[in-house]
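All remarks here apply to the structure that follows.
The values are calculated or read from the model by the stated rules, or taken from the named source; none is laboratory data. What you see is a predicted model, and the numbers here were worked out from it, not measured in a lab. Every residue, glycine among them, receives a Cβ derived from its backbone with ideal geometry; neighbour counts consider all protein chains shown.
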Amino acid sequence: MRNFNYKNQTEIIFGKDTESKVGTEVKKYANKVLLHYGGGSIKFTGLYDKIVNSLKNENIEIVELGGVKPNPRVSLVREGIEICRKNNIDFILAVGGGSVIDSAKAIAAGVNYNGDVWDLFIGTDINHTCLKLATVLTIPAAGSETSSGCVITNEDGLYKRSTGHPTLRPIFSILNPELTYTLPKYQTSCGIADMIAHILERYFTNEKYVDLTDRLCEATLKTIMENALRLNNNPNDYNARAEIMLSGMVAHNDWLGIGRLGDWATHDIEHELSGIYDIAHGAGLSIIFPAWMKYVYKHDLNRFAQFANRVFDIDINLNNLEETALKGIEALENFFTKIELPTRLSHANINDDHIEEMSKKLVAHYDHVGNFVEIREKEALEIFKLAL
Ligand code: NZQ
Ligand code: ZN
């Protein structure tokens, strides 16, 4: 096991009706906020009114910026930075999913940066003070509600890139599973694929002697899959929604990654896909993860057999670990199919037109991606081919 430091500043406020506390929680930090949200779901669900009323009850001044698109764009981030500077705002309240939260994080990182915010996504470190932010989460998926990461797309060249800093973890996050009842089934499933991918990125490591985190990963994966199938039957099952929301947070608050180096190639490859095709991140992952697994499984047959056995209860064939490993990959694909996600590029109507371009762009800013197995242009192309 590796040495590690673990600190997470996010206070989690979890459960029914917790969004009504947003005013009193914000008041602890600010008298004025940038209220940041997406394309309108919070208006049709009634959440917008609840948030505004709760903030007004505490006499908190509100400046609004809506319109965040899934796969959030840097142009709106630049607009948010200008609004914060002009109005002397130093606290952002993000109400929505990973896209809204990431857009808020990028604004928080950009306000005190003396240059264009995109620099922070292509190599410039964040070593200045970021604004504080908080969230009311409406979709369990990206884990951005407690993570230090932030992913933004630049319309100029369609580059989707990430940055991160410990102070970009929200100061508090409100998680009410009831707010997720209004999600379309497809978005619920995309979120489930994303949280599964966050665990698998950490699970496939070269680190030895990481038994506890292996088992925590396996338990979280089983919990997600069991409750996803319960939601298939009843989308308004509060307890299943609660398990999924908690799992999405646990999957990416990095507790499952302590003492080990995760892989993350699949995320980087998927970001090329959603950068160009604007596909939902989770749907991109349900396509790319099985393809990546098929490409790398021989690197550590024992780990892949362990995955098959402990997550999917597949018997280990000691005379043929490869067979067990492949059964595990197939079981993951079958699960994605059960929750109606694509597992091939063709299922998302994507052909091979851009696979060379995406493979090249993947390493435009780095030597390689991935730690379990290093992936460069040539390997990425093979993975895209396995995903066709
Ligand atoms: O925009 P609105 O109208 O709000 O609609 C959203 C959006 O269309 C809708 N939605 C959200 N909550 C809803 C709802 N519709 C009805 N009822 C609700 N309660 O769902 C759609 C998707 O929302 P989005 O925020 O894009 O989803 P998600 O949370 O999956 O976020 C995806 C983004 O997060 C990034 C991804 O790359 C992608 O850009 N990620 C961020 C990470 C991080 N910061 O740590 C890590 C992840 O790996 C991921 O890369
Ligand atoms: Zn993700």
- Message: So, in segment 198-251, exactly how many residues are within 16 Å of ligand 2 (Cβ to nearest atom) and either in contact with a strand residue (DSSP E or B) (Cβ under 8 Å, 6 or more places away or on another chain) or farther than 23 Å from Thr266 by Cβ (or both)?
- Response: 2
- Query: List the pairs whose first member sits in segment 213-242 and is in the same structural domain as Gly262 (by TED's automatic domain parsing), whose second member is aliphatic (A, V, I, L, M) and part of a loop (DSSP other than H, G, I, E, B), and whose Cβ atoms are under 6 Å apart, counting only residues at least 6 apart or on separate chains?
  - Reply: Ala228/Ile339
- Is it the case that Ile350 is among the β-branched types (Val, Ile, Thr), assigned to a loop (DSSP other than H, G, I, E, B) and assigned by TED's automatic domain parsing to the domain that holds Glu207? yes
- Item | In segment 204-224, the residues that are hydroxyl-bearing (Ser, Thr, Tyr) and closer than 21 Å to Phe336 by Cα | Thr220, Thr223
- For segment 255-313, which residues satisfy the criterion of being in contact with a strand residue (DSSP E or B) (Cβ under 8 Å, 6 or more places away or on another chain) and among the small types (Gly, Ala, Ser)? Ala265, Ser274, Gly275
- Message: Where the second residue is outside any helix (DSSP H, G or I) and among the aliphatic types (A, V, I, L, M) and the first is away from ligand 1 (no atom under 11 Å from the Cβ) and lies in segment 146-167, which pairs have Cβ atoms under 7 Å and are six or more apart or on separate chains?
- Response: His165/Ile126
- Message: Would you confirm, using the coordinates I've provided, whether Gly248 is touching a Leu at 6+ places or on another chain (Cβ under 9 Å), more than 25 Å from Asn8 (Cβ to Cβ) and either of a type in the set (D, E, K, R) or within 14 Å of ligand 1 (Cβ to nearest atom) (or both)?
- Response: no
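With respect to Leu212, determine if the residue is touching a Cys at 6+ places or on another chain (Cβ under 7 Å) and among the aliphatic types (A, V, I, L, M).
Criteria not met by Leu212.
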- Query: Which condition number in (1) of a type outside the set (D, E, K, R); (2) in the same structural domain as Ser274 (by TED's automatic domain parsing); (3) within 15 Å of Val100 (Cα to Cα) is the one that Ala142 fails?
  - Reply: (2)
- Message: Can you name every one of the strands (runs of 3 or more DSSP E) wholly within segment 111-194 that holds 3 or more residues which are closer than 26 Å to Ser359 by Cβ and of a type outside the set (S, T, N, Q)?
- Response: 149-154, 159-164
- Message: So for segment 90-103 (the condition being over 25 Å from Arg161 (Cβ atoms), within 16 Å of ligand 1 (Cβ to nearest atom) and hydroxyl-bearing (Ser, Thr, Tyr)), does at least one residue qualify?
- Response: no
- Task: May I ask you to verify whether Leu345 is within 16 Å of ligand 2 (Cβ to nearest atom) and buried (at least 20 other Cβ atoms within 10 Å of the Cβ)?
- Result: no
- Query: Out of (1) modelled with pLDDT under 95; (2) surrounded by 23 or more Cβ atoms within 10 Å (Cβ to Cβ), what's the single condition that is false for Ser247?
  - Reply: (1)
